[in-house]
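The values are calculated or read from the model by the stated rules, or taken from the named source; none is laboratory data. Predicted model, so just to flag it, every value in this text is computed and none were measured. Heads up, the Cβs are rebuilt from the backbone with ideal geometry, glycines too, and the neighbour counts pull from every protein chain shown. Ligands, DNA and RNA are stripped out before the accessible areas are found, and what is left, the full protein with its side chains, is counted by its heavy atoms. Shrake-Rupley method; radii C 1.70, N 1.55, O 1.52, S 1.80 Å.
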Amino acid sequence: MGHSAAVWDCRAATEITKDWNGIDQIVLRNPRGALARVSLHGAQVTSWRNEHGEELLFTSSKAIFKAPKAIRGGIPICFPQFGTCGSLELHGFARNRMWFIDDNPPPLPANDSIGKSFVDLLLKSSEEDMKCWPHSFEFRLRVSLTTDGDLNLISRVRNINGKPFSFSFAYHTYLLVSDISEIRIEGLETLDYLDNLLQKERFTEQGDAITFESEVDRVYLSSPNIIAVLDHERKRTFVMRKEGLPDVAVWNPWDKKAKSMVDMGDEEYKQMLCVDGAIFEKPVILKPGEEWTGRLQLSVVASSFCSERLGLDRDGL
(Lines give C-alpha, C1' and ligand atoms only; values in the text may rest on other atoms or scores of the structure.)
Protein backbone atom coordinates (compact mmCIF):
# COMPACT_ATOMS: atom_id res chain seq x y z
CA MET A 1 0.00 0.00 0.00
CA GLY A 2 2.99 2.27 -0.39
CA HIS A 3 3.39 5.25 1.90
CA SER A 4 0.11 4.81 3.79
CA ALA A 5 1.17 1.35 4.95
CA ALA A 6 4.62 2.59 5.94
CA VAL A 7 3.15 5.09 8.40
CA TRP A 8 0.37 2.80 9.60
CA ASP A 9 0.13 2.97 13.39
CA CYS A 10 -0.83 -0.51 14.58
CA ARG A 11 -1.51 0.75 18.13
CA ALA A 12 -3.93 3.40 16.87
CA ALA A 13 -5.65 0.62 14.92
CA THR A 14 -6.23 -1.35 18.13
CA GLU A 15 -9.15 -0.25 20.29
CA ILE A 16 -10.58 -1.64 23.53
CA THR A 17 -14.37 -1.46 23.82
CA LYS A 18 -17.08 -3.37 25.70
CA ASP A 19 -19.68 -5.74 24.37
CA TRP A 20 -23.31 -5.50 25.47
CA ASN A 21 -22.55 -7.56 28.57
CA GLY A 22 -19.80 -5.18 29.62
CA ILE A 23 -16.96 -7.58 28.78
CA ASP A 24 -13.87 -5.98 27.26
CA GLN A 25 -13.17 -6.72 23.62
CA ILE A 26 -10.33 -5.64 21.35
CA VAL A 27 -11.12 -4.27 17.91
CA LEU A 28 -8.36 -4.65 15.31
CA ARG A 29 -8.46 -2.68 12.06
CA ASN A 30 -6.27 -2.61 8.97
CA PRO A 31 -5.60 0.26 6.53
CA ARG A 32 -8.19 -0.98 4.04
CA GLY A 33 -11.06 -1.16 6.53
CA ALA A 34 -11.07 -4.84 7.49
CA LEU A 35 -11.86 -5.53 11.13
CA ALA A 36 -11.66 -8.25 13.78
CA ARG A 37 -13.10 -8.35 17.31
CA VAL A 38 -11.58 -10.43 20.09
CA SER A 39 -13.33 -10.92 23.43
CA LEU A 40 -11.43 -11.30 26.69
CA HIS A 41 -14.02 -13.98 27.44
CA GLY A 42 -12.20 -17.03 26.09
CA ALA A 43 -9.79 -14.94 23.96
CA GLN A 44 -12.38 -15.64 21.31
CA VAL A 45 -12.44 -13.95 17.92
CA THR A 46 -16.13 -13.06 17.62
CA SER A 47 -16.07 -11.17 14.33
CA TRP A 48 -13.92 -10.93 11.20
CA ARG A 49 -15.05 -8.55 8.49
CA ASN A 50 -13.49 -7.82 5.11
CA GLU A 51 -12.83 -4.35 3.71
CA HIS A 52 -16.42 -4.21 2.40
CA GLY A 53 -17.80 -4.78 5.90
CA GLU A 54 -18.99 -8.32 5.13
CA GLU A 55 -18.91 -10.71 8.10
CA LEU A 56 -16.88 -13.88 7.47
CA LEU A 57 -17.41 -15.79 10.74
CA PHE A 58 -20.69 -17.30 11.92
CA THR A 59 -22.12 -16.43 15.32
CA SER A 60 -25.52 -17.78 16.31
CA SER A 61 -28.31 -15.29 16.91
CA LYS A 62 -28.92 -17.24 20.12
CA ALA A 63 -25.29 -17.22 21.29
CA ILE A 64 -24.89 -16.53 25.01
CA PHE A 65 -22.23 -13.86 25.58
CA LYS A 66 -21.97 -14.40 29.29
CA ALA A 67 -19.30 -16.31 31.24
CA PRO A 68 -18.99 -19.13 32.00
CA LYS A 69 -21.05 -20.18 28.96
CA ALA A 70 -18.99 -20.59 25.80
CA ILE A 71 -19.91 -18.36 22.85
CA ARG A 72 -21.56 -20.26 19.97
CA GLY A 73 -19.61 -18.93 17.01
CA GLY A 74 -16.45 -17.10 16.04
CA ILE A 75 -13.25 -18.99 16.90
CA PRO A 76 -13.31 -20.61 20.35
CA ILE A 77 -9.95 -21.79 21.71
CA CYS A 78 -10.18 -25.47 22.72
CA PHE A 79 -7.52 -26.16 25.37
CA PRO A 80 -6.25 -28.27 27.12
CA GLN A 81 -8.77 -30.67 25.63
CA PHE A 82 -10.49 -30.79 22.25
CA GLY A 83 -13.83 -32.55 22.13
CA THR A 84 -14.39 -35.33 24.64
CA CYS A 85 -10.99 -37.01 24.30
CA GLY A 86 -10.15 -36.55 28.00
CA SER A 87 -11.62 -36.13 31.46
CA LEU A 88 -12.32 -32.37 31.26
CA GLU A 89 -15.44 -30.51 30.19
CA LEU A 90 -16.18 -30.44 26.45
CA HIS A 91 -13.38 -28.56 24.63
CA GLY A 92 -11.53 -27.78 27.87
CA PHE A 93 -11.70 -24.64 29.99
CA ALA A 94 -9.74 -21.97 28.07
CA ARG A 95 -12.79 -20.83 26.07
CA ASN A 96 -14.72 -20.20 29.30
CA ARG A 97 -12.07 -18.19 31.16
CA MET A 98 -11.36 -14.47 31.27
CA TRP A 99 -8.01 -13.72 29.64
CA PHE A 100 -5.97 -10.55 30.04
CA ILE A 101 -4.11 -8.28 27.65
CA ASP A 102 -0.33 -8.28 27.64
CA ASP A 103 0.49 -4.54 27.51
CA ASN A 104 4.15 -5.20 26.72
CA PRO A 105 4.15 -8.06 24.20
CA PRO A 106 7.14 -9.20 22.16
CA PRO A 107 7.31 -7.05 19.00
CA LEU A 108 6.34 -8.31 15.59
CA PRO A 109 9.28 -9.01 13.25
CA ALA A 110 10.13 -5.87 11.26
CA ASN A 111 9.20 -7.48 7.95
CA ASP A 112 5.87 -8.65 9.42
CA SER A 113 4.63 -5.44 11.02
CA ILE A 114 3.70 -3.20 8.07
CA GLY A 115 -0.03 -2.56 8.02
CA LYS A 116 -0.71 -5.15 10.71
CA SER A 117 -2.61 -4.60 13.95
CA PHE A 118 -2.41 -7.19 16.70
CA VAL A 119 -3.08 -7.99 20.34
CA ASP A 120 -1.51 -10.51 22.72
CA LEU A 121 -3.76 -12.19 25.27
CA LEU A 122 -2.57 -14.34 28.17
CA LEU A 123 -4.07 -17.14 30.25
CA LYS A 124 -2.28 -18.66 33.21
CA SER A 125 -3.12 -21.52 35.56
CA SER A 126 -5.66 -20.59 38.22
CA GLU A 127 -6.43 -22.41 41.46
CA GLU A 128 -9.78 -23.41 39.98
CA ASP A 129 -8.14 -24.88 36.88
CA MET A 130 -5.51 -26.71 38.93
CA LYS A 131 -8.27 -28.68 40.67
CA CYS A 132 -9.34 -30.32 37.40
CA TRP A 133 -6.05 -30.08 35.46
CA PRO A 134 -3.11 -29.89 37.91
CA HIS A 135 -0.49 -28.35 35.64
CA SER A 136 1.11 -24.89 35.57
CA PHE A 137 1.13 -23.28 32.13
CA GLU A 138 1.22 -19.96 30.31
CA PHE A 139 -0.88 -19.64 27.15
CA ARG A 140 -0.15 -16.66 24.88
CA LEU A 141 -2.48 -16.00 21.96
CA ARG A 142 -1.57 -13.38 19.38
CA VAL A 143 -4.39 -12.30 17.06
CA SER A 144 -3.41 -10.09 14.12
CA LEU A 145 -5.02 -8.59 11.05
CA THR A 146 -2.85 -8.07 7.97
CA THR A 147 -2.92 -5.38 5.30
CA ASP A 148 -4.69 -7.84 3.01
CA GLY A 149 -7.31 -8.57 5.66
CA ASP A 150 -6.00 -12.02 6.57
CA LEU A 151 -6.70 -13.15 10.12
CA ASN A 152 -3.76 -14.75 11.95
CA LEU A 153 -3.80 -16.59 15.26
CA ILE A 154 -0.60 -17.78 16.93
CA SER A 155 -0.86 -19.83 20.12
CA ARG A 156 2.10 -20.50 22.38
CA VAL A 157 1.74 -22.85 25.34
CA ARG A 158 4.65 -23.02 27.80
CA ASN A 159 5.05 -25.65 30.51
CA ILE A 160 6.05 -23.86 33.72
CA ASN A 161 5.30 -27.01 35.67
CA GLY A 162 7.80 -29.28 37.40
CA LYS A 163 6.61 -32.27 35.38
CA PRO A 164 5.52 -33.02 31.79
CA PHE A 165 1.92 -32.59 30.71
CA SER A 166 -0.04 -33.34 27.56
CA PHE A 167 -2.95 -31.58 25.83
CA SER A 168 -5.11 -31.60 22.75
CA PHE A 169 -6.16 -28.39 21.03
CA ALA A 170 -8.26 -26.75 18.30
CA TYR A 171 -9.09 -23.42 16.76
CA HIS A 172 -12.83 -24.22 16.59
CA THR A 173 -13.48 -22.01 13.55
CA TYR A 174 -17.11 -21.23 12.63
CA LEU A 175 -17.16 -20.05 9.01
CA LEU A 176 -20.17 -18.10 7.71
CA VAL A 177 -21.38 -19.70 4.48
CA SER A 178 -24.24 -19.05 2.08
CA ASP A 179 -25.76 -22.54 2.15
CA ILE A 180 -24.11 -25.64 3.64
CA SER A 181 -25.47 -27.83 0.82
CA GLU A 182 -23.45 -25.72 -1.68
CA ILE A 183 -20.13 -25.93 0.20
CA ARG A 184 -17.12 -27.99 -0.85
CA ILE A 185 -13.91 -28.63 1.11
CA GLU A 186 -10.76 -29.46 -0.85
CA GLY A 187 -7.52 -30.74 0.62
CA LEU A 188 -8.82 -33.60 2.81
CA GLU A 189 -9.52 -36.18 0.11
CA THR A 190 -7.98 -39.67 0.56
CA LEU A 191 -7.23 -38.99 4.25
CA ASP A 192 -8.20 -41.21 7.15
CA TYR A 193 -10.74 -39.72 9.55
CA LEU A 194 -12.38 -40.57 12.86
CA ASP A 195 -16.17 -40.36 12.78
CA ASN A 196 -17.52 -38.99 16.08
CA LEU A 197 -21.03 -40.04 15.06
CA LEU A 198 -19.85 -43.67 15.00
CA GLN A 199 -17.81 -43.94 18.23
CA LYS A 200 -14.68 -42.52 16.57
CA GLU A 201 -14.52 -45.39 14.08
CA ARG A 202 -11.77 -44.87 11.50
CA PHE A 203 -12.57 -44.49 7.78
CA THR A 204 -10.81 -43.28 4.64
CA GLU A 205 -12.30 -40.35 2.72
CA GLN A 206 -13.44 -41.61 -0.70
CA GLY A 207 -14.75 -38.43 -2.31
CA ASP A 208 -12.75 -36.01 -4.44
CA ALA A 209 -13.95 -33.30 -2.03
CA ILE A 210 -16.14 -33.08 1.07
CA THR A 211 -19.76 -31.99 0.54
CA PHE A 212 -22.71 -31.95 2.94
CA GLU A 213 -26.08 -33.68 2.93
CA SER A 214 -26.46 -34.57 6.63
CA GLU A 215 -24.80 -34.13 10.01
CA VAL A 216 -20.99 -34.39 9.91
CA ASP A 217 -18.63 -34.64 12.89
CA ARG A 218 -15.22 -35.91 11.82
CA VAL A 219 -11.54 -35.45 12.55
CA TYR A 220 -9.27 -35.85 9.52
CA LEU A 221 -5.82 -37.08 10.51
CA SER A 222 -2.34 -36.02 9.37
CA SER A 223 -3.78 -33.38 7.06
CA PRO A 224 -1.97 -31.01 4.71
CA ASN A 225 -1.19 -27.53 6.00
CA ILE A 226 -3.53 -25.79 3.57
CA ILE A 227 -7.27 -26.41 3.18
CA ALA A 228 -9.80 -24.68 0.90
CA VAL A 229 -13.51 -24.18 1.66
CA LEU A 230 -15.36 -23.21 -1.52
CA ASP A 231 -18.63 -21.26 -1.28
CA HIS A 232 -20.15 -21.45 -4.76
CA GLU A 233 -23.03 -19.05 -4.16
CA ARG A 234 -20.81 -16.27 -2.81
CA LYS A 235 -18.08 -17.08 -5.34
CA ARG A 236 -15.41 -17.01 -2.66
CA THR A 237 -13.07 -19.47 -1.05
CA PHE A 238 -11.81 -19.55 2.51
CA VAL A 239 -8.17 -20.62 2.58
CA MET A 240 -6.90 -22.06 5.85
CA ARG A 241 -3.15 -22.35 6.37
CA LYS A 242 -1.80 -23.91 9.53
CA GLU A 243 1.34 -25.03 11.34
CA GLY A 244 1.70 -27.32 14.36
CA LEU A 245 -1.87 -28.55 13.85
CA PRO A 246 -1.78 -31.96 12.15
CA ASP A 247 -5.52 -32.71 12.23
CA VAL A 248 -8.64 -30.99 10.86
CA ALA A 249 -12.07 -31.31 12.45
CA VAL A 250 -15.16 -30.78 10.29
CA TRP A 251 -18.57 -30.25 11.90
CA ASN A 252 -22.09 -29.29 10.97
CA PRO A 253 -24.98 -30.29 13.26
CA TRP A 254 -27.67 -30.36 10.54
CA ASP A 255 -31.33 -29.88 11.38
CA LYS A 256 -32.08 -32.39 14.14
CA LYS A 257 -29.05 -31.55 16.29
CA ALA A 258 -29.47 -27.81 15.71
CA LYS A 259 -33.02 -27.93 17.07
CA SER A 260 -31.74 -29.54 20.27
CA MET A 261 -29.16 -26.79 20.94
CA VAL A 262 -30.39 -23.91 23.11
CA ASP A 263 -27.80 -21.48 21.71
CA MET A 264 -28.39 -22.28 18.03
CA GLY A 265 -31.31 -21.26 15.80
CA ASP A 266 -33.25 -24.13 14.23
CA GLU A 267 -32.23 -23.19 10.67
CA GLU A 268 -28.85 -21.62 11.36
CA TYR A 269 -26.95 -24.81 10.55
CA LYS A 270 -27.43 -23.88 6.89
CA GLN A 271 -25.18 -20.82 7.25
CA MET A 272 -22.32 -22.33 9.28
CA LEU A 273 -19.49 -24.79 8.96
CA CYS A 274 -16.75 -25.55 11.46
CA VAL A 275 -13.35 -26.37 9.97
CA ASP A 276 -10.80 -26.57 12.77
CA GLY A 277 -7.04 -26.73 12.75
CA ALA A 278 -6.55 -29.23 15.57
CA ILE A 279 -4.45 -31.65 17.58
CA PHE A 280 -6.56 -34.69 18.32
CA GLU A 281 -5.07 -38.11 17.56
CA LYS A 282 -1.64 -37.54 19.14
CA PRO A 283 -1.69 -35.02 22.01
CA VAL A 284 1.24 -32.67 22.50
CA ILE A 285 3.59 -33.64 25.34
CA LEU A 286 5.50 -30.72 26.86
CA LYS A 287 8.40 -31.21 29.22
CA PRO A 288 9.12 -28.57 31.90
CA GLY A 289 10.22 -25.33 30.25
CA GLU A 290 9.21 -26.41 26.75
CA GLU A 291 6.90 -24.40 24.51
CA TRP A 292 4.51 -25.45 21.73
CA THR A 293 3.41 -23.16 18.91
CA GLY A 294 0.36 -23.56 16.69
CA ARG A 295 -0.51 -21.13 13.89
CA LEU A 296 -3.64 -20.51 11.85
CA GLN A 297 -4.05 -18.09 8.96
CA LEU A 298 -7.44 -17.45 7.39
CA SER A 299 -7.81 -15.62 4.09
CA VAL A 300 -10.53 -15.23 1.48
CA VAL A 301 -9.96 -15.37 -2.28
CA ALA A 302 -12.18 -15.45 -5.34
CA SER A 303 -13.54 -18.94 -6.04
CA SER A 304 -11.66 -19.09 -9.33
CA PHE A 305 -8.94 -20.49 -7.07
CA CYS A 306 -8.97 -24.25 -6.70
CA SER A 307 -6.82 -26.87 -5.06
CA GLU A 308 -4.34 -27.10 -7.93
CA ARG A 309 -3.56 -23.39 -7.78
CA LEU A 310 -3.45 -23.33 -4.01
CA GLY A 311 -0.79 -26.03 -4.03
CA LEU A 312 -2.58 -28.21 -1.52
CA ASP A 313 0.40 -30.53 -1.41
CA ARG A 314 1.40 -28.51 0.91
CA ASP A 315 3.43 -26.00 2.55
CA GLY A 316 1.03 -23.98 4.63
CA LEU A 317 2.39 -20.77 6.11
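When every residue of region 174-183 is checked against the conditions, at least one turns out to be touching a Gly at 6+ places or on another chain (Cβ under 6 Å), of a type outside the set (Gly, Ala, Ser) and under 20 Å from Lys257 (Cβ atoms). Among all positions in region 38-50, there is no residue which is modelled with pLDDT under 90, on the phi < 0 side of the Ramachandran plot and among the basic types (Lys, Arg).
Residue-by-condition table, conditions (1) over 18 Å from the mean Cα position of the chain (by Cα); (2) farther than 24 Å from Lys270 by Cα:
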residue: Thr190; (1), (2): yes, yes
residue: Asn196; (1), (2): yes, no
residue: Arg202; (1), (2): yes, yes
residue: Ala209; (1), (2): yes, no
residue: Glu215; (1), (2): yes, no
residue: Tyr220; (1), (2): no, no
residue: Ala228; (1), (2): no, no
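Residues of region 264-278 that are without any contact (Cβ under 8 Å) to a residue 40 or more places away in the chain and part of a helix (DSSP H, G or I): none at all.
What do you reckon, is Ser260 open to solvent by 60 Å² or more (accessible area, probe 1.4 Å), within 20 Å of the chain's Cα centre (by Cα) and not aliphatic (A, V, I, L, M)? So Ser260 fails the test. Count of region 26-53 residues, restricted to those that are touching a residue at least 60 places away in the same chain (Cβ under 8 Å), outside any loop (DSSP other than H, G, I, E, B) and open to solvent by 10 Å² or more (accessible area, probe 1.4 Å), is 2.
Condition check for Glu233 on (1) in contact with a Phe, Trp or Tyr (Cβ under 7 Å, 6 or more places away or on another chain); (2) modelled with pLDDT under 95; (3) among the charged types (D, E, K, R): one failure, at (1). For the residues Leu176, Leu188, Leu221, the requirement of being within 22 Å of Lys242 (Cβ to Cβ), out of contact with any Cys (no Cβ under 7 Å at 6 or more places or on another chain), buried (at least 22 other Cβ atoms within 10 Å of the Cβ) and modelled with pLDDT of 95 or more singles out Leu188.
Of the set (1) among the hydrophobic types (A, V, I, L, M, F, W, C); (2) open to solvent by less than 40 Å² (accessible area, probe 1.4 Å); (3) at pLDDT below 95, all apply to Ala302 but (2).
Residue count for region 160-173 satisfying the condition of being of a type in the set (Gly, Ala, Ser) and either closer than 17 Å to Leu57 by Cβ or surrounded by 16 or more Cβ atoms within 10 Å (Cβ to Cβ) (or both): 2.
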